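Chemist: I'd like to ask some things about the structure below.
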Amino acid sequence: MTTLLVIAKEPRPGRVKTRLTPPFTPEEAAALAEASLADTLDAVANAPARRRVLVLEGTPGPWLPDGFEVVPQCRGGLDERLAAAFAGCDGPALLIGMDTPQVTPELLTVDWSGCDAYFGAADDGGFWALGLAEPDPSRLRGVPMSTPHTGAAQRARLGDLRVRDLPRLRDVDTADDAALVARTAPTSRFAAALAGLTPATHR
């Protein structure tokens, strides 16, 4: 069975979702980040898994449900931190971030038969999910992160593997992203948090 990994930052004002400010304040951006993280963890909690691991920069808060192991992120660039997350696994693992609150348990229920890897591209050119049947950290080290070509570069690293592609999703990076994602997941905590913000120009 799969180990499900979530890589995340503690939702503290000024430390998360800084591209949401403006139009949101740092406190509002952190509230949206917390709602997104809570939705993500809820989806992971309700998907079948061997282990559920939160790879966290910061300290756990009341948003963390039961049933998760918490491990600290290592130092270094994002590629090194993702690689280290996989290095802590000894079987099939699927990693996601905290930026796709529309994710569902069904999307995270993967079948490894006849498959070596899963890849979920993001609309911004990155990726929202990466799964490896054999979690080899070298598949991530050196991949340029946070660029419009990150997804293509990471997908190329899987070129010799049998890869199944997951549906493309939109990360929440900007206010426009937030509005679009909330509309795709209207019953989510994220949508409720966004709807509760004022003024109306935030929506």
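The values are calculated or read from the model by the stated rules, or taken from the named source; none is laboratory data. This one's a predicted model, so the numbers in the text were calculated from it and none came from an experiment. Virtual Cβ from ideal backbone geometry, glycine too; neighbours counted across all protein chains shown. Note: accessible area is taken over every heavy atom of the protein model, side chains too, but ligands, DNA and RNA are not part of it. Shrake-Rupley method; radii C 1.70, N 1.55, O 1.52, S 1.80 Å.
Chemist: Quick one: order ARG155, ARG19 from most to least accessible surface, probe 1.4 Å.
Modeler: ARG19, ARG155
Chemist: With +1 on each Lys and Arg Cβ and -1 on each Asp and Glu Cβ, and nothing else charged, work out how big the dipole of the stretch 33-90 is about its Cα centre, in Debye to the nearest 20.
Modeler: Dipole magnitude for the stretch 33-90 comes out near 160 debye.
Chemist: Leaving out ligands and nucleic acids, note down the accessible area per residue over the stretch 9-157 with a 1.4 angstrom probe, in whole Å².
Modeler: 43 Å²
Chemist: OK, next. Report P(r) for the stretch 153-201: all Cα-Cα distances, bin width 5 Å, range 0 to the bin holding the largest distance, values in whole percent.
Modeler: All Cα pairs considered, the percentages come to 4, 17, 20, 17, 9, 10, 11, 7, 4, 1, 0.
Chemist: Then there's this: For ALA122, what is the net charge nearby, where nearby means another residue's Cβ is under 9 Å from its Cβ and Lys, Arg count +1, Asp, Glu -1?
Modeler: -2
Chemist: Once you wrap a convex hull around the alpha carbon atoms of the stretch 1-139, what is its projected area averaged over all directions, in nm²?
Modeler: 8.3 nm²
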